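Quick one: the structure is below, and I'll ask about it shortly.
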Amino acid sequence: MIKIENVTKKFPGMEIPAVKDLNLEIKEGDICVLVGPSGCGKTTTMKMINRIHEPTSGSIYIDGQDALKMNPIKLRLDIGYVIQEIGLFPHMTIEENVATVPNEKKWPKEKTKKKVAEMLTLVGLDPELHGKRYPSELSGGQRQRVGVARAMATDPPIMLMDEPFGAVDPITRAKLQNEFLRIQERVGKTIVFVTHDIDEAIKMGDTIAVMRDGELVQHASPNDLLSAPADEFVSSLVGRNRSIKRLHLIRIREILSDLDRPKPAKVDTSVDDIRKQLDESDIRSVMVVDRDNKLKGIIGINDLKKKTGEQAADYIQELDQSVTSDATLNDALSVMLECGEGYVAVVNEDDQYQGTITLGDLLNVVKEDE
Amino acid sequence: MSQGINIYLYFSKVFTGDMFMAVGQDRPGLISRTVTYIGRRSDLIWDLLLEHLWLIIVSISIAVVVSVILGVIISYKSSLAATVLTICQIMMTIPSMAMLAFMVPFFGIGFTTGVVALILYSLLPIVRNTYTGIKEISPAVVESAVGMGMTEWRVLTKIKIPLARPVIMAGIRTATVMIVGIGAIAAYVGAGGLGELIFQGISRSHEPMIIVGAIGVSIIALAFDFVLSWGERRLAAVGKVREAKQ
Amino acid sequence: MAKTLFRWLFVPLLLIAAGIVISVYTVNNPTDSLVARALTYDSILKSLREHLWLMLVSMIGAIVVGVLVGIMLSRPKLYYLGRGVENVVNVGQTIPSLAILALFFTIIGLGFRVAVFALFLYSILPILRNTFAGIINVPDSIIESARGMGMSPFRILTLIELPLAFPIIVAGIRTAIVINVGAATLATFIAAGGLGELIVIGLSLRRDMIVLTGASLAALTAIILDYLIGQVEAKVVKWV
Ligand SMILES: Nc1ncnc2c1ncn2[C@@H]1O[C@H](COP(=O)(O)OP(=O)(O)OP(=O)(O)O)[C@@H](O)[C@H]1O
Ligand SMILES: [Mg+2]
């Protein structure tokens, strides 16, 4: 899909090239993550694909066509672009921002309007509520979403994303990453994704290209990168806790079905029944759901001491946080550590209960690996 | 069309080979006549120059005192700030010739009229900058000063005004450069200064006189701008050094 | 809609009414025959017409030329020239308006057209500088994302750079108007008429009434224009 051949970029007035003799092939539908320390040439590499920077030498092919011979404007209209600083247009509303490329392509008004609403919904924003606002009236995370929606508005087959989730707090970032992966599962675009966070690279990438000083050091799948780093530099980049890093690679739903967990209790179950259930299965607490299977909280055996004949609803302890099943095991671990509990409840988008992950489950996964 | 030709003639008069003799005329060229004029009337020019500087310095000195006090007051009473700043803003919008004319019925023709008008024009830049300069000081700095037991007066004189000084200085510069030009107009209501050369020159069609007057005030304005911006940068630099030393 | 328009125009209309009241009063209650001869509806209207005409022609010229040249200088190829021009403009703005008018008098002579030309050149400066600065200061990241999405340089200029620079350009126009109104009052010294003429006649006849009438009308004109452009400045920008 994208083929970068012997590409070198030397900025005028600079001694050493920013990118040196780079070769990289990215398959259709893959997310290729460029990762490496600051200043190693990730952004420069990405920007040569849509010719914001022209390569000094070498060639770039997109779908077999020579990108350097194409009309740059036509080329860019078919490549989604999210830059490091987001770059929303402050004088345009969110709707107008997302409509940028449709307008450049002279789409009819109706089609554009429908598409904008669709894109905003896709990235989890309410077109009614947020559409007419200006970028300055949104939070950092919301702006990042708009940046992604704007880049995808005309369904470009290729997306370039430069640290698209860089400017938000870790929890929001994890959420945006998960949502983005869910979207990607549906749309299957070819994506070049730049980051300097190796954890993000492992989580997001189908392949990871590690760069240093303008050169490509290793291009491999996350698993291969973790198990067979090409040299000292790569292994120091992925760090020592490789088995813990593997938690990034596994999604909760992949292990959830194999776990044998007690059924959740319903809110209107009586206290006696719950106690019986707990005693029989030899566990100390149970999740409680309502009639629509929505998670309400947890009940522990200690909460029920000397209580009889009442409904469970009166003794529920609410949970601070839960995770969705497409989050990674690492996300689950962070939530556990944050709440200081050895478990976390898993729900779907509608807050319906899916299961529970415990610290023990995570240990088992890490052990299996070794 | 004829204007275009005139401009062309003028520049050829001034800049081409025959710099000191007008082309095709037996009268000496403009530069040469101006130089002669300066030589002949250097006493007068010198006196008017000093008069002009005196007008500016008197006005700006009074204006600085008044405006800084006013700026400090409105920084404490924010209910007043909008009103005071709006009034100053409107005052600055009024054409200088009109402002001078308003003064005449009250202060007559002469130096005082000029000084009063110039002070009024200097108010806005200095008041506004004093106000914003003080308002922009980080609350943490003021709070820690108060917390260490400084009295309000000492907070003002030892913390607020020194920190706001570069901004106040910028206001003073704007005001000064502006009133150099208005001072020239004030010559029309008898305030003296280099403006007199301009007005007399125009009424007598005496070109060298106009040129000396016009270039004279321009040089004064540029000189004030240069010196005061240097002072402004120094103040800012001193502030930075102090911060760095902390 | 009508209501907003009314609110917009309320202050200007009030000030215009004040101007009319002053004119009617002074024309009908002259303190002596000299005043009566100098202050007639004809003479006041003539001065006002000259004054507005002087400003209108020079301002429109200055806005067109200032904005166009500002845009040209902000193009990457002319950027360094633009930086140089910025310095020249700063020096030019330091030169007092009376000096500019006087120098133009020595260059071209007397008359309305000379005054228009001098005011035009003088008013270009703040507009040009602000247009240039406004465009140059649009963050690179915004330009780059526009480029990356396939916008042509012309579309970037019209859809991104100019709208973002607009508040700064308007501020420049506002500065230019204040300078222009002030300088227009001086145009009388080079025989270009305007409201300054009433002031000058009043001063030479030593009649305060004429002086004050001229000064009030000049001041009201300035305040009205400044108010209107201030409203534009405040209302148009919704996105900050
Ligand atoms: N427009 C430019 N002109 C000159 N040099 C540049 C330009 N852009 C980047 N460089 C240089 O090229 C090198 C690579 O920069 P690049 O932006 O690609 O780094 P990066 O890997 O994206 O870093 P970061 O993680 O900090 O974003 C750096 O040394 C940088 O200084
Ligand atoms: Mg980068």
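The values are calculated or read from the model by the stated rules, or taken from the named source; none is laboratory data. No experiment lies behind these values; they were computed from the predicted model shown. Here the Cβ is made from the backbone with ideal geometry for all residues, glycine too, and neighbour counts use every protein chain on show. What goes into the accessible areas is simple: the full protein's heavy atoms, side chains included, and nothing from ligands, DNA or RNA. Shrake-Rupley method; radii C 1.70, N 1.55, O 1.52, S 1.80 Å.
With the range A:198-312 as the region, which strands (runs of 3 or more DSSP E) entirely inside it contain at least 1 residues that are over 22 Å from the mean Cα position of the chain (by Cα) and under 24 Å from A:Pro164 (Cβ atoms)?
In the range A:198-312, A:207-212, A:215-220 are the strands (runs of 3 or more DSSP E) which contain 1 or more residues that are over 22 Å from the mean Cα position of the chain (by Cα) and under 24 Å from A:Pro164 (Cβ atoms).
Out of all the residues in the range B:65-109, which are farther than 28 Å from C:Ala187 by Cβ, away from chain C (no Cβ under 11 Å) and open to solvent by 40 Å² or more (accessible area, probe 1.4 Å)?
Correct list: B:Val65, B:Val66, B:Ile69, B:Leu70, B:Ile73, B:Tyr76, B:Lys77, B:Ser78, B:Ser79, B:Leu80, B:Ala82, B:Thr83.
List the number of the failed condition for B:Arg128; all other conditions in (1) of a type in the set (D, E, K, R); (2) at pLDDT below 90; (3) farther than 30 Å from C:Phe189 by Cα hold.
(2)
Further question on the same structure: Test C:Ala165 against the criterion of being away from chain B (no Cβ under 14 Å) and in a helix (DSSP H, G or I), and give yes or no.
Considered against the rule, which asks whether it is away from chain B (no Cβ under 14 Å) and in a helix (DSSP H, G or I), C:Ala165 comes out as yes.
Table: residues versus (1) away from chain B (no Cβ under 14 Å); (2) out of contact with any Pro (no Cβ under 9 Å at 6 or more places or on another chain); (3) closer than 30 Å to C:Glu197 by Cα; (4) open to solvent by 20 Å² or more (accessible area, probe 1.4 Å).
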| position | (1), (2), (3), (4) |
| --- | --- |
| C:Leu48 | no, yes, yes, yes |
| C:Ser58 | yes, yes, yes, no |
| C:Met72 | yes, yes, no, yes |
| C:Ile95 | no, yes, yes, yes |
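Select, from A:Leu237, A:Leu226, the only residue that is open to solvent by less than 30 Å² (accessible area, probe 1.4 Å) and not assigned by TED's automatic domain parsing to the domain that holds A:Ile357.
Of the residues listed, the single one that is open to solvent by less than 30 Å² (accessible area, probe 1.4 Å) and not assigned by TED's automatic domain parsing to the domain that holds A:Ile357 is A:Leu226.
If you don't mind, another one. Output yes when any residue across the range A:125-144 is closer than 27 Å to A:Glu28 by Cβ, out of contact with any strand residue (DSSP E or B) (no Cβ under 7 Å at 6 or more places or on another chain) and surrounded by fewer than 17 Cβ atoms within 10 Å (Cβ to Cβ), and no when none is.
no
Filter the range A:76-85 down to residues that are more than 13 Å from ligand 2 (Cβ to nearest atom) and either over 18 Å from the mean Cα position of the chain (by Cα) or at pLDDT below 90 (or both), then give me how many there are.
Going through the range A:76-85 one residue at a time, the tally reaches 4.
Another question, then. When you go through (1) modelled with pLDDT of 80 or more; (2) among the small types (Gly, Ala, Ser); (3) farther than 23 Å from A:Glu179 by Cα one by one for A:Ala312, which number turns out not to apply?
For A:Ala312, the exception is condition (1).
Just need a number here: residues in the range C:183-240 that are without any contact (Cβ under 8 Å) to a residue 12 or more places away in the chain, among the small types (Gly, Ala, Ser) and either crowded, with 24+ Cβ neighbours inside 10 Å or not in a helix (DSSP H, G or I) (or both).
So the count comes out to 1.
Where residues in the range C:1-19 are of a type in the set (Val, Ile, Thr) and surrounded by 12 or more Cβ atoms within 10 Å (Cβ to Cβ), which of them is nearest to C:Leu195 (Cα to Cα)?
Filtering the range C:1-19 for residues that are of a type in the set (Val, Ile, Thr) and surrounded by 12 or more Cβ atoms within 10 Å (Cβ to Cβ), the one nearest to C:Leu195 (Cα to Cα) comes out as C:Ile16.
In the range B:219-233, which residue that is without any contact (Cβ under 8 Å) to a residue 60 or more places away in the chain and surrounded by 15 or more Cβ atoms within 10 Å (Cβ to Cβ) is farthest from B:Leu48 (Cα to Cα)?
By that ranking, first place goes to B:Leu228.
Taking C:Pro153, is it of a type outside the set (A, V, I, L, M, F, W, C), more than 14 Å from chain B (Cβ to nearest Cβ) and more than 24 Å from C:Ala234 (Cα to Cα)?
Spelling it out, C:Pro153 is indeed of a type outside the set (A, V, I, L, M, F, W, C), more than 14 Å from chain B (Cβ to nearest Cβ) and more than 24 Å from C:Ala234 (Cα to Cα).
Next up: Find all pairs meeting these conditions: Cβ atoms under 7 angstrom apart; at least six residues apart or on different chains; first residue within the range A:293-305 and farther than 13 Å from A:Ile283 by Cα; second residue of a type in the set (Asp, Glu).
What qualifies is A:Lys294/A:Asp351; A:Leu295/A:Asp351; A:Lys296/A:Asp290; A:Gly297/A:Glu318.
Give A:Met48, A:Met70 a once-over and let me know the one that is within 16 Å of ligand 2 (Cβ to nearest atom) and out of contact with any Cys (no Cβ under 8 Å at 6 or more places or on another chain).
Exactly one residue qualifies, and that residue is A:Met48.
A further question follows. Name the residues in the range B:183-217 that are β-branched (Val, Ile, Thr), facing another protein chain (nearest Cβ under 9 Å) and open to solvent by 10 Å² or more (accessible area, probe 1.4 Å), would you?
Selection gives B:Ile202, B:Ile211, B:Ile215.
Name the residue, out of A:Ile52, A:Ile79, A:Ile73, that is within 14 Å of ligand 1 (Cβ to nearest atom) and either among the basic types (Lys, Arg) or within 21 Å of A:Val148 (Cα to Cα) (or both).
Residue meeting the stated conditions: A:Ile52.
Could you tell me whether any residue of the range C:180-191 is under 30 Å from C:Val237 (Cα atoms), out of contact with any His (no Cβ under 9 Å at 6 or more places or on another chain) and either at the interface with chain B (Cβ under 9 Å from one of its Cβ atoms) or among the acidic types (Asp, Glu) (or both)?
Within the range C:180-191, one or more residues are under 30 Å from C:Val237 (Cα atoms), out of contact with any His (no Cβ under 9 Å at 6 or more places or on another chain) and either at the interface with chain B (Cβ under 9 Å from one of its Cβ atoms) or among the acidic types (Asp, Glu) (or both).
Next up: Say we look at the range A:158-179 and pick out the residues that are within 13 Å of ligand 2 (Cβ to nearest atom) and assigned to a loop (DSSP other than H, G, I, E, B); which of these is surrounded by the most Cβ atoms within 10 Å (Cβ to Cβ)?
Per the criteria, the residue is A:Pro164.
Given the conditions (1) within 12 Å of chain A (Cβ to nearest Cβ); (2) open to solvent by less than 10 Å² (accessible area, probe 1.4 Å); (3) out of contact with any Gly (no Cβ under 8 Å at 6 or more places or on another chain), report the number of the one that C:Leu159 does not fulfil.
Going through (1) within 12 Å of chain A (Cβ to nearest Cβ); (2) open to solvent by less than 10 Å² (accessible area, probe 1.4 Å); (3) out of contact with any Gly (no Cβ under 8 Å at 6 or more places or on another chain) one by one, C:Leu159 breaks only (2).
Which number in (1) on the phi < 0 side of the Ramachandran plot; (2) surrounded by 11 or more Cβ atoms within 10 Å (Cβ to Cβ) marks the one condition that A:Gly297 misses?
So the condition that A:Gly297 fails would be (1).
Right, another one. Among A:Arg246, A:Arg212, A:Arg251, which is the only one that is touching a residue at least 40 places away in the same chain (Cβ under 8 Å), within 16 Å of ligand 2 (Cβ to nearest atom) and of a type in the set (Lys, Arg)?
Just one listed residue meets the conditions, A:Arg212.
Name the one entry in A:Leu181, A:Leu216 that is within 16 Å of ligand 1 (Cβ to nearest atom) and of a type outside the set (Phe, Trp, Tyr).
Among A:Leu181, A:Leu216, only A:Leu216 is within 16 Å of ligand 1 (Cβ to nearest atom) and of a type outside the set (Phe, Trp, Tyr).
What is the number of the single condition among (1) over 30 Å from B:Gly181 (Cα atoms); (2) in contact with a helix residue (DSSP H, G or I) (Cβ under 9 Å, 6 or more places away or on another chain); (3) open to solvent by 40 Å² or more (accessible area, probe 1.4 Å) that C:Ser145 does not meet?
Condition (3) is where C:Ser145 drops out.
Please give the helices (runs of 4 or more DSSP H) falling wholly within the range A:40-141 in which 2 or more residues are more than 8 Å from chain C (Cβ to nearest Cβ).
A:42-49, A:94-98, A:100-104, A:109-122, A:127-130
So, one more: Any residue that is surrounded by fewer than 15 Cβ atoms within 10 Å (Cβ to Cβ) and assigned to a helix (DSSP H, G or I) - is there at least one of those in the range A:21-35?
Checked against the condition, which is being surrounded by fewer than 15 Cβ atoms within 10 Å (Cβ to Cβ) and assigned to a helix (DSSP H, G or I), the range A:21-35 yields no hits at all.
Tell me which residues, restricted to the range A:352-370, are over 13 Å from A:Arg246 (Cβ atoms) and open to solvent by less than 70 Å² (accessible area, probe 1.4 Å).
A:Gln352, A:Tyr353, A:Gly355, A:Thr356, A:Ile357, A:Thr358, A:Gly360, A:Asp361
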